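Report on the structure given below.
The values are calculated or read from the model by the stated rules, or taken from the named source; none is laboratory data. For clarity, every value in this text was computed on a predicted model and none was experimentally measured. Every residue, glycine among them, receives a Cβ derived from its backbone with ideal geometry; neighbour counts consider all protein chains shown.
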Amino acid sequence: MEIEEAIRSRKSIRAFTDQPVSQDQIQRILEISQRAPSGTNTQPWHTYVCTGTVRDAIVTDVCELFDQGKAAKYEDYDYYPEVWKDIHRDRRRGVGWSLYGLLGIEKGDRERTAQQAKRNFKFFDAPVGLFFTVDSYLGRGSWFDAGLYMQTVMLAARAEGLHTCPQAAWISFQEPIFRHLNIPDDQVLVSGMALGYEDLSAIENTLVSDREDVTNVVRYSGFE
């Protein structure tokens, strides 16, 4: 697969098949991804891969916490702001309502909205879950590096014919993740990610989120 095709075909998949992903495939993806850039070659990321009974144990425990309303707030982890500026709020709401529209979830339907949100914590049925951490003493430059690494993982997955969904949602339920994966307490969670094969019959996978026109985000200087 050419790099442009990988970039253009990558999207957040929210329904996966149960087709297994081999450890060899995951190993190839992660070996390639080690070539991701990082500031002064610090390579600050750690990756935890789960499947089978470990994956299922995390899903069970986190879904139970979700049902009990025990989610932490993003701002508790300095992850997202408590209040968004209009432009970012509108983009978030836009993709959310585009998804709910495809699924027939009407505004105000809290039960179905909650059930869809809960699917995050089942990895959208993907057989493989990944969690990315950095050492807790590191600053936001290292989080940037981890983001570069995650993007490389997602593109390498496309080369294997696989799809992904990066999931910040796991930030709100960290204790079971750290416990089941034996993550040291001197690391912090950057993101989760679902990995597997796209369910081509699922309507939610037809969603392709909007992108701002490049002329609105790029400024050129010094060109004749």
For region 136-147 the number of residues that are exposed (fewer than 15 other Cβ atoms within 10 Å of the Cβ), at pLDDT 95 or above and part of a helix (DSSP H, G or I) is 2
Test for residue 194: is it in contact with a Cys (Cβ under 8 Å, 6 or more places away or on another chain), among the small types (Gly, Ala, Ser) and within 24 Å of residue 124 (Cβ to Cβ):
yes
task = Tell me, yes or no, whether region 102-125 has at least one residue that is under 30 Å from residue 35 (Cβ atoms), exposed (fewer than 15 other Cβ atoms within 10 Å of the Cβ) and not small (Gly, Ala, Ser).
result = no
Of 36, 57, 6, 72, the only residue that is part of a helix (DSSP H, G or I), closer than 23 Å to residue 146 by Cβ and small (Gly, Ala, Ser) is 6
Given the conditions (1) surrounded by fewer than 20 Cβ atoms within 10 Å (Cβ to Cβ); (2) within 19 Å of residue 32 (Cα to Cα), every one holds for residue 165 apart from (1)
Residue set 175, 224; condition at pLDDT below 95 and more than 30 Å from residue 101 (Cα to Cα); output residue 224
Of the residues in region 43-82, those that are surrounded by 11 or more Cβ atoms within 10 Å (Cβ to Cβ) and at positive phi come to 43
Here the residues within region 199-224 that are in contact with a helix residue (DSSP H, G or I) (Cβ under 6 Å, 6 or more places away or on another chain) and of a type outside the set (Val, Ile, Thr) are 204, 207, 209
Flagged pairs (Cβ under 6 angstrom, 6 or more apart or on separate chains; first in region 25-40, surrounded by fewer than 17 Cβ atoms within 10 Å (Cβ to Cβ); second of a type outside the set (D, E, K, R)) are 32/156; 37/148; 39/141
Of those in region 102-134 that are in a loop (DSSP other than H, G, I, E, B) and not basic (Lys, Arg), the residue nearest to residue 27 (Cα to Cα) is 127
Of the listed residues (96, 101), the one being closer than 30 Å to residue 210 by Cβ and under 18 Å from the mean Cα position of the chain (by Cα) is 96
Across region 83-101, the tally of residues that are in a loop (DSSP other than H, G, I, E, B) and loosely packed, with under 10 Cβ neighbours inside 10 Å stands at 2
The correct count of residues that are farther than 20 Å from residue 98 by Cβ and not acidic (Asp, Glu) in region 1-31 is 16
Over region 178-211, the set of residues among the acidic types (Asp, Glu), modelled with pLDDT of 95 or more and either within 26 Å of residue 99 (Cα to Cα) or surrounded by 20 or more Cβ atoms within 10 Å (Cβ to Cβ) (or both) is 198, 199, 204
